[in-house]
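> Sharing a structure, written as structure tokens. Questions coming.
The values are calculated or read from the model by the stated rules, or taken from the named source; none is laboratory data. Keep in mind that what you see is a predicted model, and the values were worked out from it rather than measured. Cβ coordinates were reconstructed from backbone atoms using ideal geometry, including for glycine residues, and neighbour counts include every protein chain displayed.
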């Protein structure tokens, strides 16, 4: 039996037509790294007079798949589809651009895409994880790049799996560049689209946009080892933090914190043009309504005295949403 080298381990996915019904992989992911982890809940018991364990009983088994990587316009929708909700066919943006818009519902139930994830290689060893959804994702942005981290949750790993070798395609990857990114703040959601009514933050050094604990597996007594289905987690979290220069602009938002006001923030990256009779451009746009919850410590960053401030995303009754992520690329489908 051949050893499985780290460099030879691939990550490839297939979109499930029915959640939990495993399918062959159709796409290899190249902008994230990660590996699956067995997650078992085992109860142990020692009887009276025993020094060592007498009983070990498996109660439940599932798996997780932690990942990190680089934000690309092509693979971001793969993660957002399994984190926020399954996207219908994208709308046209210009002649050849495709627009994907993701917004968690304020009240309605969302339904994410689920994937079968294959990991490893047929030269060494493979495994697969069905019913995989993204339960957490962070977008970390700074001059060192636009990085991703997060995790999938799925059913128990099927070890010694033969990976799919035919019909696998790969995206041509277009990275989201730090040189294309800017942060804007407005006093209403609609004003984020009005250049004269929004303010460009001039000294943002870095920040993090994160969605956590989005979904939770539901385990029931149904004579199976893993979970039966998933539900939206009542503890899901939506957060945004920024580190900016300690100046009048950044400290001007301290009044909004003290008064409990909502501010509206756009994280926007405009990349290369997408050619066509009506042109478009590779785009990542993250809009959020935010209640500020804290200012942090004054400290040096890149030789500048900087301040951290953070907040929780908040419902905006006028816009009817609290966050919305738009990705424009050239792909006619997510997977």
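> Pick out, from the range 52-125, the strands (runs of 3 or more DSSP E) lying fully within it that include 1 or more residues that are under 14 Å from residue 152 (Cβ atoms).
Hits in the range 52-125: 55-70, 115-120.
> Would you say residue 94 is buried (at least 17 other Cβ atoms within 10 Å of the Cβ), without any contact (Cβ under 8 Å) to a residue 60 or more places away in the chain and either more than 18 Å from the chain's Cα centre (by Cα) or more than 18 Å from residue 21 (Cβ to Cβ) (or both)?
Taking the combined requirement at face value, the residue does not satisfy it.
> Looking at the range 126-150, which of its residues are assigned to a strand (DSSP E or B), touching a residue at least 60 places away in the same chain (Cβ under 8 Å) and over 14 Å from the mean Cα position of the chain (by Cα)?
127, 128, 129, 130, 131, 142, 145
> Next question. Could you list, ordered by first residue, the pairs with Cβ atoms under 9 Å in which the first is in the range 48-70 and at positive phi and modelled with pLDDT under 95 and the second is assigned to a strand (DSSP E or B) and surrounded by 15 or more Cβ atoms within 10 Å (Cβ to Cβ), at least 6 apart or interchain?
Pairs found: none.
> Are any residues in the range 207-244 touching a residue at least 40 places away in the same chain (Cβ under 8 Å), closer than 30 Å to residue 268 by Cα and in a loop (DSSP other than H, G, I, E, B), and if so, which ones?
213, 214, 233 - these are the residues of the range 207-244 that are touching a residue at least 40 places away in the same chain (Cβ under 8 Å), closer than 30 Å to residue 268 by Cα and in a loop (DSSP other than H, G, I, E, B).
> If only one of 271, 276 is more than 14 Å from residue 207 (Cβ to Cβ), part of a loop (DSSP other than H, G, I, E, B) and in contact (Cβ under 8 Å) with a residue 12 or more places away in the chain, which one is it?
From the options 271, 276, the qualifying one is 276.
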